[in-house]
Amino acid sequence: MAKTIKVASTEAKPGEKAFGYLHVGHLAAGTEVRIPFQLVNGAEAGPKLCLESTMHGWEPMGAEIIRRAMLRIDAKKLRGSIYCIPLASPMTVEFGGTIESAGLRVNPVDVLDMNRVWPGKKVNGWLTEQMAHALWTEIVTQCDTIVDLHDGTGSCDEMPVAFPQGFPTDPGRAVSGGVADGTGTFFEGKQLTSQFLGDMKEKIRGMAMAFGSPVIWWRENPINPAMLSGQCTLNGIVALVAECGGGGMIDYTIDQGVECLLNILKYLNMIDGEPVLPKRQLMVSDYVVYRSLEGGFYLQEEGISLGGNVSKGQVIGRVIDPLTSAVREECVAPVNGILVSRRIRMPINPGGYIAHIANTDAVIWERENP
Ligand SMILES: [Zn+2]
């Protein structure tokens, strides 16, 4: 039997949707700090899924993907419950920006990146740490699975792409050091075994394949407990990191992102229906995040398209001097691959995002879909 679910003072009975705000505190002049959320409680019991986006305010497209996906869910037919946090760090969306994007990666109040402070702090913490703590205790730990959405920022458009984070299953090597601050509460009473780590890794892999993005980048690094996905893994909450869309644009990538989220609900048996999958899916172990060395105006080379193939050595664009037309940087694909994201914004400073390229010489799994 499904039960009523509750976050702060907001309740959703079985078969109902509800909207609410998680109160965190007040800023200097009294502005309330609150984080919006949506609850969708199925009429039948089932998994507890968290859909979270926009820890980084320059990546707001996940919020739109979640909103659209939830409009397609009938709570009366849903099995399990969905806890949506579309705008995890609201002030990063509301304020600031750079040449790269409107919005910020860090919270302008304390200049912290929310994806480096998990599980947050209740006392002696900066605002972002207090916000993370509220989200962690009130919402994330009520769930058994989470999808953490990011996008290409204001500078790049991006196809849906899953970034499953694998890790060594040897407990002695599974967790990265140097991030002990903020991780103290978690290991209490918990034992990381290779059995537990192996099970988590398989579940993360299954989620990544079910998401249904054309490209999946499988990474294996020690778990970083200060990141939301890492902290979830250590607590037995299956986390999938994914990116989709960008440039603040509504285009076909947003529709694809909605289908990918609904694929996860189908995979978890929360809704009925066949998954919507691309003709071909690849998992790669190598993936290039290409960033500029120079600043100027970025002009894409003709014939370059999102999702298209590039070959090693091919020019994908140039950073030119906006006055003299001199080429300051020729941007050349370092591998053969698929262009998963590409810059759409002309002015660029050094370090600006140019492209993501999935290395098609490093495919570790692939599938043709009917
Ligand atoms: Zn991000």
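Bear in mind that the values in this text are calculations on the coordinates, not laboratory data. In this text, all values refer to a predicted model and were calculated from it rather than measured experimentally. When we count neighbours, we look across all protein chains shown, and the Cβ atoms used for this are built from the backbone with ideal geometry, even at glycine.
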- Query: Where the Cα atoms of segment 1-105 are projected onto their three principal axes, how long is each span, largest first, in whole Å?
  - Reply: 50, 29, 17
- Quick one: angle between helix 61-71 and the longest Cα principal axis of the chain, in degrees between 0 and 90, rounded to 10, please. 50
- Task: Give me the net charge of T92's neighbourhood, meaning all other residues with Cβ under 10 Å from the Cβ of T92; Lys, Arg count +1, Asp, Glu -1.
- Result: -2
- When you count, for each residue, the other Cβ atoms within 10 Å and take the mean per peptide, how do 81-90, 106-115, 212-221 rank with the highest first? 81-90, 212-221, 106-115
- Message: Using only the Cα atoms of the chain, what are the Rg and Dmax in Å?
- Response: 20.6, 70
- Take each of the peptides 41-54, 227-240, 341-354, average the number of other beta-carbon atoms within 10 Å over its residues, and list them starting from the highest. 227-240, 41-54, 341-354
- Query: By residue number, which cysteines of the chain lack any other Cys whose Cβ falls under 4.7 Å from their Cβ?
  - Reply: C84, C156, C232, C244, C260, C331
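How much length is gained if the chain between S285 and T137 is pulled fully straight, taking 0.36 nm per residue apart and subtracting their Cα-Cα distance, in nm to one decimal? If you can, show how the numbers build up before the last one.
On the way: separation 148, 0.36 × 148 = 53.28 nm, distance 3.38 nm.
Full-extension gain reported as 49.9 nm.
Convex hull over the alpha-carbon atoms of segment 287-368: what's its volume per residue in Å³? Display every interim value, and only then the final one.
Details: hull volume 6.8 nm³, N = 82.
Convex hull volume per residue, Cα atoms: 82 Å³.
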- Computed label-point distance, nm, for sites K3 and E274 using a 7 Å Cα→Cβ extension: 3.8
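Please compute the length gained on full extension between V327 and V111, using 0.36 nm multiplied by the number of residues separating them and subtracting their Cα-Cα distance.
On the way: separation 216, 0.36 × 216 = 77.76 nm, distance 3.45 nm.
That pair, V327 and V111, stretches by 74.3 nm at full extension.
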- Whole-angstrom gap from segment 304-349 to segment 3-34, using each part's C-alpha centre: 44
- Note on the structure: With A362 itself left out, Lys, Arg at +1 and Asp, Glu at -1 over residues whose Cβ is under 15 Å from its Cβ give -2
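Could you put F19, F37 in order, starting from the residue whose Cβ has the fewest other Cβ atoms within 10 Å?
On the way: F19 11, F37 24.
Fewest-to-most ranking of F19, F37: F19, F37.
For V315 and N369, compute 0.36 nm times the residue count separating them, minus their Cα-Cα distance, and round to one decimal in nm.
Details: separation 54, 0.36 × 54 = 19.44 nm, distance 3.14 nm.
Going from the current span to full extension adds 16.3 nm.
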- Task: Out of all DSSP beta bridges with both ends in the chain, state the antiparallel percent to the nearest 5.
- Result: 70
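Highest first, please rank the peptides 20-28, 140-148 by the mean number of other Cβ atoms sitting within 10 Å of their residues. The partial results should precede the final answer.
Values: 20-28: 13.8, 140-148: 21.0.
For the peptides 20-28, 140-148, the packing ranking is 140-148, 20-28.
I'd like to know how segment 212-274 sits against the 2.2 N^0.38 Å rule of thumb: what's its Cα Rg over that expected value?
Values: Rg = 14.1 Å, N = 63, 2.2 N^0.38 = 10.6 Å.
So the Cα radius of gyration is 1.33 times the expected 2.2 N^0.38 Å.
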- Item | Local net charge near E158, Cβ-Cβ under 12 Å (Lys/Arg +1, Asp/Glu -1) | -3
- Task: Give me the distance between the Cα centres of segment 46-64 and segment 191-245, rounded to whole Å.
- Result: 16
